[in-house]
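As structure tokens, the structure follows; a few thoughts come after it.
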Amino acid sequence: MTKEQMLVFQTRVSRANRSELVVITYDIAIEYFNEAKEYFKKGDYDNFIACCKAVKKCFTDLLESLDYEYALSLDLQKLYLFLNNSMFQSIIKKEMINFEIVGEIMMKLRDSFVIIAKEDNSESVMQNTQQIYAGYTYGKGVLNEVVRR
């Protein structure tokens with residue numbers, strides 16, 4: 001993942017409520033998942049494994065954030081354990097284990113949480129964060145970047 005992508009995710013996290021954080025976690029997992037597939041096609045197994053570990057970490061975070069007051073959490077737990085295990089097997093065997101199924105499940109779950117996040121009007125999880133405004137000013141032969149906090 002590029003530094004620019006990481007900065008975009010950091011900005012999103014700083015403004016997100018709980019539901020949006022779940023969507024962001026899926027987005028990060030999907031980004032690393034797609035990178036893992038590309039590295040595998042290139043035969044770059046070190047980066048493939050690193051990306052699979054990052055995806056696995058996202059699933060672990062999602063698993064740890066489940067609220068078991070809701071019955072749905074048990075179903076999600078089973079899915080997250082399957083996804084986590086598939087990534088673990090991919091790391092151990094250096095193969096794309098269940099990648100097609102993992103990709104489909106991730107996209108369907110992400111799309112479901114996007115709908116939930118749209119209906120969640122709760123406040124941002126991070127309070128008192130700074131808003132950053134950035135832009136460029138143009139002068140004669142000069143381009144200046146301006147950042148205000």
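The values are calculated or read from the model by the stated rules, or taken from the named source; none is laboratory data. The structure displayed is predicted, hence computed values, not measured ones. Counting neighbours? That spans all protein chains shown, and the Cβs are built from the backbone with ideal geometry, glycine included. Heavy atoms of the whole protein, side chains included, go into the accessibility calculation; ligands, DNA and RNA do not. Shrake-Rupley method; radii C 1.70, N 1.55, O 1.52, S 1.80 Å.
Could you list, in their original order, any pairs among Lys37/Lys93; Lys3/Lys93; Lys78/Lys118 whose Cα atoms are separated by more than 19 Å?
Numbers: Lys37/Lys93 14 Å; Lys3/Lys93 29 Å; Lys78/Lys118 25 Å.
Lys3/Lys93; Lys78/Lys118, as the Cα separations exceed 19 Å there.
Take peptides 81-87, 43-49 and line them up by average Cβ neighbours within 10 Å, highest first, as a rough protection proxy.
Details: 81-87: 19.4, 43-49: 14.1.
Descending mean neighbour count gives 81-87, 43-49.
For Asn17, which sequence-distant residues (separation of 5 or more, or a different chain) have an amide H within less than 5 Å of its own amide H, given hydrogens modelled in the peptide plane?
So Asn17 has HN proximity to Val125.
Between the DSSP loop rule and a limit of at most 16 other Cβ atoms within 10 Å, which GluC sites (Glu not before Pro) in the range 1-92 are left?
Glu69
Lys108: which aspartates and glutamates have alpha carbons under 16 Å from its alpha carbon, excluding same-chain residues fewer than 8 sequence positions away?
Excluding near neighbours in sequence, the set is Glu20, Asp27, Glu31, Asp75, Glu100.
Out of the total accessible area of the range 30-96 (probe 1.4 Å, heavy atoms of protein only), what percent is carbon and sulfur? Please list the in-between numbers first.
Working: 2120 of 3990 Å².
That share works out to 53 percent.
How much area per residue is accessible in the range 1-112 when the probe is 1.4 Å and only protein heavy atoms are counted (Å²)? Let's see the in-between values first.
Numbers: 6590 Å² over 112 residues.
Accessible area per residue: 59 Å².
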